[in-house]
Amino acid sequence: MTGTASARRSASPFSRAGVLGIVLVGFAAFIALLYFISAGDTGDRGNTGAAHASATGLNGYAGLVRLLENEQFDVTLSRTPSGLETTDLLILTPPLYSDPEDIAQILEARDYLGPTMVILPKWSASGPPNNLPAETADKFKDGWVALGSANTLQWTSELPAPFALTQKIETLEDDEVPQWSGLDQSGEVPTKTIAYAEQSALHDPLITDQSGHILALSVLGEEDSEYYNNAHWTVFVVEPDLVNNYGLSRQENAAAAIALVQQAGYEGDYSAVTFDLTLNGFGGAENLLTLAFRPPFLAATLCLILAMLSIAWRAFLRFGPAAIGGPEIAFGKKQLVSNGAGLIVRARRFGLLAAPYADLSARRLASRLGLIKHDAEAIDAALAVRLPEEEPYSLRADRLREARSSTEILRAAQALRELEGKLAK
């Protein structure tokens, strides 16, 4: 029997090591799922041509992120709205069709939080077209884009003072070289399509082109105003080709990008920089794993982990087919009687046993005394002859029928059983 049970146990298609590996991989996948959902990173969004800090296309700013990291800046890419409340230098990269009210709300909230740099968009961009020749399509890497037209922004003029500015686009002649200067730097813009801001008394030009157009500016506000005296600095980069991946292909533009970040961060006082990604659609809720390990959820999380470990350990030790035993309910008269008795014991209906047992005892006594009838009087008369010193059957049977507790019923039934045994001798 032991050999059969062992053979049946070994028939399991999974070993303990295999089950442990499945559990660990599944647990790791579940934790990763929680993280990526909470972080807002649910998979490949496709190459939409958006300009943001993670974009590696010409109009993206992944190069600026790497440049600042190489310059020993502490760079963070924020995917949560709480990142807008940082006291570090915050760099915003709003999309082409932003809501001016949303941008205004962020900028006004930043007045007393920390410095801000806003890199305005210019290019319409998209992924490589589907009809490209195979040789050309193979040269495109993930994230690369094809630049379209330059766009004049309307929403920048709808910002509240002192942030409002009028942005314009100008395309230079073929024989003109798009040069810029400012912040003790100079260089060339990589394209002849220039985005610039009109002059304003509320703004201080930082970088201009050869025509005096403002390519980057610092917001001053009205002299002696609350903003002028107390608000943190806000810098607008109107010409994004100074700092995007396209522009950073030139060394002088990389130097200008560093100079702009240092200028926005109070001339280098800020070494921590946060790039916001929520305006570009990468916003996510607070990380669920981080939230689970904070009070008041920490206690529940620890209890859940302990419960999971206990269940996993028990399941690991128990894993595999159980040994096959006999049927839960055996066949035969003996088992049927045992099951019936067990039901009566479970239901605590002992009083139902007294009268039937007395009648059954009467039949057995009558049979042993050789009587045709098994009434109490005939049994008592026959017992008086065979066992004159014994208590009559009728008294014992009455005592059994009148018993109420299980102890009284048992004692009375034993008295009848003893009488049967004496007749058997």
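The values are calculated or read from the model by the stated rules, or taken from the named source; none is laboratory data. What you see is a predicted model; the values in this text were computed from it and never measured. Please note: Cβ atoms are built from the backbone with ideal geometry, for glycine as well, and neighbour counts cover all protein chains shown.
Brief remarks on what is shown
- When restricted to residues that are without any contact (Cβ under 8 Å) to a residue 40 or more places away in the chain and of a type in the set (Asp, Glu), segment 85-100 contains 1.
- Test: Thr208 is hydroxyl-bearing (Ser, Thr, Tyr) and buried (at least 17 other Cβ atoms within 10 Å of the Cβ): yes
- Arg318 being within 30 Å of Gly342 (Cβ to Cβ) and either at pLDDT 90 or above or outside the structural domain of Glu69 (by TED's automatic domain parsing) (or both): yes
- Scanning segment 238-280 for residues that are under 24 Å from Pro81 (Cα atoms), of a type in the set (Ser, Thr, Tyr) and touching a Ser or Thr at 6+ places or on another chain (Cβ under 8 Å) returns Thr274, Thr278.
- Scanning segment 349-394 for residues that are touching a Leu at 6+ places or on another chain (Cβ under 6 Å) and of a type in the set (Gly, Ala, Ser) returns Ala354, Ala358, Ser361, Ala378, Ala382.
- No other residue among Asp175, Asp142, Asp184 is on the phi > 0 side of the Ramachandran plot and either exposed (fewer than 14 other Cβ atoms within 10 Å of the Cβ) or charged (D, E, K, R) (or both) apart from Asp184.
- Options Gly351, Gly342, Gly421; residue that is surrounded by fewer than 16 Cβ atoms within 10 Å (Cβ to Cβ), on the phi < 0 side of the Ramachandran plot and touching a residue at least 40 places away in the same chain (Cβ under 8 Å): Gly351
- Residue within segment 360-370 that is under 60 Å from the mean Cα position of the chain (by Cα) and exposed (fewer than 14 other Cβ atoms within 10 Å of the Cβ) present: no
- Residue among Leu96, Leu64, Leu90 that is modelled with pLDDT of 95 or more, surrounded by 15 or more Cβ atoms within 10 Å (Cβ to Cβ) and more than 28 Å from the chain's Cα centre (by Cα): Leu64
- Residue in segment 162-182 that is assigned by TED's automatic domain parsing to the domain that holds Leu113 and within 40 Å of the chain's Cα centre (by Cα) present: yes
- Residue list for segment 215-242, filter: crowded, with 17+ Cβ neighbours inside 10 Å, part of a loop (DSSP other than H, G, I, E, B) and modelled with pLDDT under 95: Leu220, Gly221, Ala231, His232, Trp233
- Verdict on Ile344 being modelled with pLDDT under 75, assigned to a loop (DSSP other than H, G, I, E, B) and aliphatic (A, V, I, L, M): no
- Flag if Gly212 is under 26 Å from Lys192 (Cβ atoms), part of a loop (DSSP other than H, G, I, E, B) and small (Gly, Ala, Ser): yes
- Scanning segment 73-112 for residues that are of a type in the set (S, T, N, Q) and within 16 Å of Val237 (Cβ to Cβ) yields Thr93, Ser98.
- Residue check, Leu77 at pLDDT below 95, in contact with a Lys or Arg (Cβ under 9 Å, 6 or more places away or on another chain) and in the same structural domain as Val235 (by TED's automatic domain parsing): no
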